[in-house]
1. Go through the range 14-53 and give me each residue that's of a type in the set (S, T, N, Q), touching a residue at least 24 places away in the same chain (Cβ under 8 Å) and farther than 24 Å from Lys129 by Cβ.
2. Restricting to the range 68-92, name every residue that is farther than 20 Å from Pro117 by Cβ and outside any loop (DSSP other than H, G, I, E, B).
3. Quick one: count up the residues across the range 109-140 that are of a type outside the set (A, V, I, L, M, F, W, C), over 23 Å from Arg92 (Cβ atoms) and assigned to a loop (DSSP other than H, G, I, E, B).
4. Within the range 29-48, track down each residue that is over 13 Å from the mean Cα position of the chain (by Cα) and at pLDDT 90 or above.
5. Find all pairs meeting these conditions: Cβ atoms under 6 angstrom apart; at least six residues apart or on different chains; first residue within the range 84-99 and on the phi < 0 side of the Ramachandran plot; second residue in a helix (DSSP H, G or I) and at pLDDT below 90.
6. Check Glu79, Glu106 and return the single one that is over 21 Å from the mean Cα position of the chain (by Cα) and open to solvent by less than 40 Å² (accessible area, probe 1.4 Å).
7. With open to solvent by 70 Å² or more (accessible area, probe 1.4 Å), closer than 22 Å to Leu140 by Cα and basic (Lys, Arg) as the only criterion, which of Arg74, Arg95 stands out?
Amino acid sequence: VTAELFSQLVEQPFYETLRTQQQLGYLVFSGMRVTEGIPSLLFIVQSNVADPETLADRMLLFIESCGKILEGLRQGEFESFVAGLVGKKLEREKRLEQQAGRHWEEISLGEYKYDRPQKEAALLRQLTKQNVVSFYRSFLLSQGPSRRLLTTQVYPQKMMEGGRGGGKEEVKIDGTRVEGVVGDELALRASLSKY
């Protein structure tokens, strides 16, 4: 839930910084998703004015600057974000298929926590601003001990033909870092440990 709250706290500043101030892209989005029980923070910029490497660099600079956003957050603002997320979690599903989908997700994960929204809301109410700052320092700062980062850069065909795109030609794996252009996704996955 800490990652989800962090996502809510930086969503508007991310858009404001990269879309409004820097005018880097026509689609600028940040958020969170959970895939097979694994939470991920997303920072997405799609642009026709900057190349993918520049966009990745600017997004990483933004992430490094989030400490200032958290420091400037007043307690009342923090509590307002928490209350909004708690309300969202406790909102009843409007259609049966939403509830069924949530339950099937629990079954497919083998966790069977059908009261997950209520438990997550209770955890959110216990979070402090310092908890979010600690999460940020550990998981998001470039020197954070628990940071895991995946950047995906998609180059338009015209950029590839002009010899400007694609970055590196080889994939290098050194235990913690994979760098380069991936030609065969399945072979890369097979070469890496799951966790």
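The values are calculated or read from the model by the stated rules, or taken from the named source; none is laboratory data. Quick caveat, the model's predicted, so the values are computed rather than measured. Positions of Cβ are generated from backbone atoms using ideal geometry, with glycine treated the same way; all protein chains shown enter the neighbour counts. Please note that ligands, DNA and RNA were not included when accessible areas were found on the heavy atoms of the full protein model with its side chains. Shrake-Rupley method; radii C 1.70, N 1.55, O 1.52, S 1.80 Å.
1. Answer for the range 14-53, where residues must be of a type in the set (S, T, N, Q), touching a residue at least 24 places away in the same chain (Cβ under 8 Å) and farther than 24 Å from Lys129 by Cβ: Gln22, Gln23.
2. The initial filter retains those residues of the range 68-92 that are farther than 20 Å from Pro117 by Cβ, namely 68-78.
Those that are farther than 20 Å from Pro117 by Cβ and outside any loop (DSSP other than H, G, I, E, B): Lys68, Ile69, Leu70, Glu71, Gln75, Gly76, Glu77, Phe78.
3. Matching residues across the range 109-140 total 2.
4. Pass one, the range 29-48, residues over 13 Å from the mean Cα position of the chain (by Cα): 36-37, 46-48.
Those that are over 13 Å from the mean Cα position of the chain (by Cα) and at pLDDT 90 or above: Gln46, Ser47.
5. Short answer, once both residue conditions are applied: Glu93/Gln99.
6. Unique residue meeting the criteria: Glu106.
7. Result of the check over Arg74, Arg95: Arg74.
Residue-by-condition table, conditions (1) outside any loop (DSSP other than H, G, I, E, B); (2) open to solvent by 40 Å² or more (accessible area, probe 1.4 Å):
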position: Leu18; (1), (2): yes, no
position: Gln23; (1), (2): no, yes
position: Ser30; (1), (2): yes, no
position: Val34; (1), (2): yes, yes
position: Ile44; (1), (2): yes, yes
position: Asn48; (1), (2): no, yes
position: Leu55; (1), (2): yes, no
position: Met59; (1), (2): yes, no
position: Cys66; (1), (2): yes, no
